[in-house]
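Everything on this sheet refers to the single structure shown next.
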Amino acid sequence: MTTIPAPPLRVLHAAAEIFPLVKTGGLADVVGALPQALAAAGADIRLLLPGLPAILDAVSRPRKIFEGGSLFGAARITLRLGRFKDGIKGCDVRAYVLDAPWLYARSGGPYQGPDGRPWDDNLQRFALLGWAAAHLAAGELDPAWRPDILHAHDWHAALGCSYLRAHPGAHARSIFTIHNLAYQGLFAQDDFAALGLPQRFMRPDGLEFHGQLSFMKGGLAHADRLTTVSPTYAREITTPEFGCGVEGVLSARAADLSGILNGVDYSHWDPSTDPALPAHYDPQDLTGKAACKAALQREFGLTTDTASPVIAVVSRLSEQKGLDLALAALPELLAEGAQFAILGSGDAALERAFAEAAAAHPGRVGVRIGYDETLAHRVIAGADLILVPSRFEPCGLTQLYGMRYGTLPLVRRVGGLADTVDRSTGFLFDAAEPAALAEAARHAILTLRDPLRRRAMQQQAMSRDHGWPAAAQQYLSLYRALMGRQP
Ligand code: ADP
């Protein structure tokens, strides 16, 4: 008897960011790489994205799939389907793009205007994303492609799970992935009426959150399965310390919640081919790394001293990332002979404090305020240590980049940092205190001075595989389990 193979699973990924077109953090890296890895593993994957200018411009020969109007304040909404133009790495799967000029055709960030304040109509902008995700999943917007699963990412797409739950005729299942629980998409309770969801959804077991309306809770309450981006963060967020006020909801759903570590796109992060670097290297021959270090020291105005360990930071400057701890520990680490290369942007007080540290320690502390993808590669390649002292960290990517580049991570033992760094590949500390950071850094600096230990750790770190294929297999297992298919 011949068995007929099951058709590939159809999965729609809905998200607000995609690398390299729109990126504010690790979410974009995931959305730029995971769908492709899933497609490579045999799944039938499509994306749904808001028609932000950079995204709309990048779709080649988009086909009109659906046209509607008068939704969430937009007079005209056109759903287009296309592929991204050649040369845009990491997004080779087909994407539905919501062309809704009233909501998306504007300059500024995906969530904030040029003045740094959230867009006034974020409720409408991301309700539309969720609405379209659910109606695509229900087969109503594109009857030619009906997904088995809606996979919604972060609060921006979370309402997709609520609309799907409310839809009387939908059969698709849903997965909601938390990339960062600290950003929940909170709005005034009175705005609920604008969503067109059943009134019963505005209760504490739905979208209601302490008198507000929470998009994130739509995902938490209404998705069939919940995931986050590391096993440790999956456990942490069920506790008051990390649960951002929704730990009760997450504990209640603990059986549906799992953690799958993010991957790294090694076609983009490979020190033997990286076009951003002045020299290349691999685990067998690290001589090119010394050239990268010298170039980084020059670029950041640091003394070109091979013996001084360069500690790098590539990060959003926010409370989450614990960089105030690094600032407090700075004098002690400079006294140990360390240099600092910092690339980051965000919180104005932290930006100012790092700029002041650079002015106070010329040749020892170099700072670039801003967001610069290419420079991030050079910083990570040229440094000896990559510092990630986060207060909480869902997964973290820069420690993984550092490992592949032989730049040993110096991290706080939380979330995905605890899951990806161990004593054979990096340095860890526990307390969110400058003294704990300084002690781990001193130990790291001592270790780096021993060439054999250093080399052994670099080889371990560089050979760790955190590629997307393994992560994609875990998502596929989850999809199959959700659909009741054989693993
Ligand atoms: P988060 O998503 O919390 O910001 P992650 O470590 O998951 O943290 O992802 C951050 C991503 O953004 C990484 O790809 C990192 O290299 C990049 N990044 C952060 N800050 C900068 C910056 N100032 N310039 C360039 N890339 C940056």
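In order along segment 413-426, phi translates into HN-Hα couplings of 7, 9, x, x, 5, 5, 7, 10, 10, 9, 5, 8, 10, x Hz, rounded to whole numbers, per the Karplus curve 6.51 cos²θ - 1.76 cosθ + 1.60 with θ = phi - 60° and x for Gly and Pro.
With charges only on Cβ, +1 for K and R and -1 for D and E, what is the dipole size of segment 141-255 about its Cα centre, in debye, rounded to 20?
Working: 9 positive and 11 negative charges, 66 e Å.
With Lys and Arg at +1 and Asp and Glu at -1, about 320 debye.
Across segment 77-85, coupling constants 3J(HN,Hα) worked out from phi with the 6.51/-1.76/1.60 Karplus curve, θ = phi - 60°, read 10, 10, 9, 10, 10, x, 10, 6, 4 Hz, and Gly and Pro carry x.
Taking one quarter of the surface of the convex hull spanned by the alpha-carbon atoms of the chain gives a direction-averaged projected area of 23.8 nm².
How big is the charge dipole of segment 284-422 about its Cα centre, in debye rounded to the nearest 20, if each Lys and Arg gets +1 on its Cβ and each Asp and Glu gets -1 on its Cβ?
Values: 13 positive and 16 negative charges, 30 e Å.
That gives a dipole near 140 debye.
Count Lys and Arg as plus one, Asp and Glu as minus one, and take only other residues whose Cβ is under 12 Å from that of Gly248; the net charge is then 0. Counting only Cβ charges, +1 for Lys and Arg and -1 for Asp and Glu, the dipole size of the chain around its Cα centre is about 1000 debye. Proximity of backbone amide H atoms, modeled 1.01 Å from N, is registered between Phe209 and Ser214 at under 5 Å, excluding neighbours fewer than 5 places apart on the same chain.
Just so you know, the Cα atoms of segment 287-465 work out to an Rg and Dmax of 14.4, 41 Å.
A full extension of the chain between Gln189 and Asp422 corresponds to an added length of 79.4 nm, given 0.36 nm per residue minus the alpha carbon distance. Per-residue packing, averaged as other Cβ atoms within 10 Å, sorts the ranges 279-292, 154-167, 436-449 into the order 154-167, 436-449, 279-292, beginning with the highest.
Each of the peptides 25-37, 472-484, 320-332 was scored by the mean count of other Cβ atoms within 10 Å over its residues; in descending order, highest first, they stand as 25-37, 320-332, 472-484.
Here, each number is a calculation from the coordinates, and none is a lab measurement. Note that the structure is a prediction, hence the values are computed from the model and not measured. Glycine gets a Cβ as well: all are built from the backbone with ideal geometry, and neighbour counts include every protein chain shown.
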